[in-house]
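Presented below is the structure to which this report refers.
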Amino acid sequence: MSDNSHPLPTYDAVCLRSIRGVMDVFGGKWSFLVLEQLHIGTMRFSDLHKALGISTKSLTDTLRHLEENGIIKREAIPTVPVTVEYSLTEKGIAFDSVLLAMKDWGNDWLD
């Protein structure tokens, strides 16, 4: 006999399509870690690279993907050599509540 004290929520096609869309934007291996760093504040490419310890190509691909989806903005500062800084857009900042919910879930369920 099954325990129905905690029935699973029903997901409709619109809900599942939205979740798939979110995963398309944020589902990359490094996306959440980049967001975590940028929630601290604006960072240069080199600082992100050092903080995350990932390959230049992986970081470049992740940043490009997040920029194309309007989550972060890239600003090239005309110095020699050119300095590139990344920061969250309004859309990226709005994802903060999701990150906090994930943190809470992790605190409750992960060792």
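Things to note:
- Near the amide H of THR83, within less than 5 Å, lie the amide hydrogens of ILE77, all on another chain or at least 5 residues away, with H placed in the peptide plane.
- Efficiency of FRET from Cβ geometry, TYR11 and LEU52, R₀ 35 Å, rounded to 0.05: 0.60
- Highest mobility in the GNM of the chain, judged by mean-square fluctuation with C-alpha springs under 10 Å and restricted to ARG44, ARG64, ARG20, is found for ARG20.
- Magnitude of the charge dipole for the chain, about its Cα centre and with charges confined to Cβ atoms of Lys, Arg (+1) and Asp, Glu (-1), is about 440 debye.
- Here LYS103 is the anchor, and the aspartates and glutamates within straight C-alpha reach of less than 20 Å, apart from those fewer than 8 places off in the same chain, are GLU36, ASP111.
- Net length gained if the chain between LEU99 and GLU85 were fully extended (0.36 nm per residue, minus Cα distance): 2.8 nm
- Among [x] 28, 20, 15; [y] 32, 16, 13; [z] 34, 16, 12, the entry derived from the coordinates for semi-axes √(5λ) of the Cα gyration tensor in Å: [z]
- In the chain, helical runs assigned H by DSSP with n ≥ 4 each contribute -39500 (n - 2.57); averaged across all residues and rounded to the nearest 500, the mean residue ellipticity at 222 nm is -17500 deg cm²/dmol.
- 12 Å beta-carbon shell around MET102, net charge (K/R +1, D/E -1): -3
- Computed E for GLU75/VAL22 - FRET, C-beta separation, R0 30 angstrom, nearest 0.05: 0.70
Taken together, the values in this text are just the output of simple stated rules run on the coordinates, not laboratory data. On a predicted model such as this, the values are computed, not experimentally measured, just so you know. For neighbour counting, all protein chains shown are included, and Cβ atoms are generated from backbone atoms with ideal geometry for every residue, glycine included.
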